[in-house]
Amino acid sequence: MLEGWLDWLGDWNPQLLRELRGRLKPRNILLAVGASLMGQLFLILLAWQRFENFIGAVEQDSPYCQASSPALHQLIALKQRNTVLNEQLNQAYAVGQPDPAKLDALSVQMTQVQDQISQLTAFCPRESINTAFWWTEHYPHWFVALTLISLVILLVGGVYLLINNLEQEEKKGTLTFLRLCPQSTGQLMIGKLLGVPVLLYLGLACALPLHLGLAQLSGIPLGVLLLFYGVCIGGCGFFLTGGILVGLLSQTFHQVGFKGFQPIGGAFGMAIALSFMFSSLMDYQPESSAMMIFHLLNPFAWCHALMPEAFSLFNSTSPWFDPAIAVDTPQTFLRMLHFYRLPIGSNPLLLALFLLTNALFWTKWLGRMIERCFRNPNGSLLNKRQWYGLMLSFQIVFLGLVLVPTGVFEGDLYLDDLFWTFFLLIFMNTFFLVWAILTLTPRRQTAIDWARYHHQNRESRLVEWLEGEKSPALGAIALLLLIAVVFFLPWLWLMWPHISLVATPNVAPKLLVVVAGVAFYALWLLIYASITQHIFLYRLKQPHLWAFVINSSILFFPPLLLSILGGGNYWYDNQGIWQFSSLPWVYLDSASSLTIGLSLLTHTLIAAVLAKVSLSRIRQLGESTTQTLLTRAG
């Protein structure tokens, strides 16, 4: 029977069978099960200790005490009297010039009442304590503790194990052997994903009966709990897949000096990310609705959204759809979730399916990166066509999450949400575009090969520039910028009535200012792409670092120099000079039409010249030595 299962597993995924055989040894199984049982026992003993401490400190006026005595009613009345006197004393102090005699009288009365309370205070008899009521109130606390601990152990421990395994495979050379085997990359990575952390899965499986029991005692329906398990499987799969990707990027990390620190660094990064996710649920500051895109991948947000009764400690309101719930708490966003104005968060089943679909969707993109990185460690994580898909996917998902029905945000809250959403979109687009510039820009040898042999390609020149693996990245960056700019339009249309300019005689029209702001954004990214391409054509050990330093210097040094040399109000009185710097958005709302036009023309010429120089350099490097000698001789 067992041999038949092993044969089937070996046929389905040989890599998974290899991982299981290396880890499911009797000693390892006993350690995993023993550690899980010890952790559960520790949690039970901690709960019992809390119960014993509670039993010894229950007073007669506690709601847990069922004993009744004449002194109890007098004690309750005295405590109410003490509360009233305390409020009167605070009101007396709040007066500008308090009456000393009144203060003394109130203080004396409070002292007398507190002395009487201390004389009447007595502990409740043990047999009169309603212990069942205490346990009913605290079952959700232990359920929450077990859930959070399990999630942290699975994510932090799983990421560490996966990165460490891939690093060890790289050192032994077996990873190269896996690249040559006929299995698909997907099969290999599924084998890693299911096999490497199998002892963690086994330990968590041992804690499943306790978790189910606490869920039932906490009043959580079994159907909701199963939905939560499904979302956790999909969501944790996303993070563990990210751990595999980090483990495969060993060569990149070794180049920047992180050799040997990947497993610890990955686990520490996962722990830091989880701490930020947890703190975001405990933060009661207002946020833009666009932040929901991050809460969709927040395991603690899943817990609170699907099981709010148990996780009410994240919020002062535990009912699912209580209209009194404040909209300024992050955890309510998942229950307010709309996707293209469809109320996804209004139903637990729809919400769970959406969260699972979202996690699987982004896991699929990580899988594409892993496939390219595994087969070609020195290549880019995505090709140009995949970059277009990723950029377009992000824009569509982002737009769907922030298009909320009328009435969800109103007044100033609506305007704040609108502007913060737009700035977040700019930040995320900039992040993707900079990442694309660094990954799609060909290195020196790749650019030389393309310059020498691209004429042999039968595809059209446009297709070669937009989809070619070795072609310069300027065409692809321009198309990515076009996708980003197109999705700027909905926000610009929504913000249009709320955009105001400085009331000066020669200020440019609002339409020209908005168009110029978007054009400056695109032109400067094209300038940075051309500079990066030029840097990558030199023989440098760390071209990415050089590109980052040079582009950052170009971005920040000129404005800083202008600010230092100008001093006072000089640059405020001569605002037009900023439109010709690396920060042309400064004072753009008060610039004249002529200044904006000249600045756009200048930036366009700079971008064109830099692109021409980079392409000429590539063409020059691509010329063979014989061709160069013949050209000079002729």
Checklist entry - Label L489 and R385 with points 7 Å out from Cα along Cα→Cβ: what is the distance between them in nm? => result 2.6
Next on the checklist: On a straight-distance basis, which lysines could pair with K470 in a cross-link, Cα separation under 16 angstrom, same-chain partners fewer than 8 positions away excluded?
Outcome noted: K384
Next on the checklist: What distance in nm separates the two pseudo spin-label positions at Q109 and S393, each 7 Å out from Cα along the beta-carbon direction?
Outcome noted: 7.0
Checklist outcome for this item: Heavy-atom accessible area of F261, protein chains in place, probe 1.4 angstrom, given in Å² to nearest 10, is 130
Next on the checklist: Using the Cα centre of segment 16-60 as origin and beta-carbon charges of +1 (Lys, Arg) and -1 (Asp, Glu), tell me which of F54, L37, L24 is placed farthest towards the positive end of the dipole.
Outcome noted: L24
Item to check | Förster radius 56 Å - calculated FRET efficiency between V84 and T174, Cβ distance, rounded to 0.05 | outcome: 0.15
Checklist entry - Largest first, what is the accessible-area ranking of L425, L148 with a 1.4 Å probe? => result L148, L425
Item to check | Per-residue HN-Hα couplings for segment 221-229 [Karplus 6.51, -1.76, 1.60; θ = phi - 60°; Hz; x = Gly/Pro] | outcome: x, 5, x, 5, 5, 5, 4, 5, 4
Next on the checklist: With every protein chain kept in place and ligands, DNA and RNA left out, what is the accessible area per residue of segment 125-246? Probe 1.4 Å, answer in Å².
Outcome noted: 42
Checklist entry - For R444 and F427 in the same chain, what is the full-extension length gain: residue separation times 0.36 nm, less their Cα-Cα distance, in nm? => result 3.1 nm
Item to check | Qualifying lysines (Cα of each under 24 Å from Cα of K25; at least 8 residues distant if same chain) | outcome: K171, K172, K192
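The values are calculated or read from the model by the stated rules, or taken from the named source; none is laboratory data. As the structure is a computational prediction, the values presented were derived from the model and not from experiment. Here the Cβ is made from the backbone with ideal geometry for all residues, glycine too, and neighbour counts use every protein chain on show. Remember, those area values only see protein heavy atoms, side chains included, never the ligands or the DNA or RNA. Shrake-Rupley method; radii C 1.70, N 1.55, O 1.52, S 1.80 Å.
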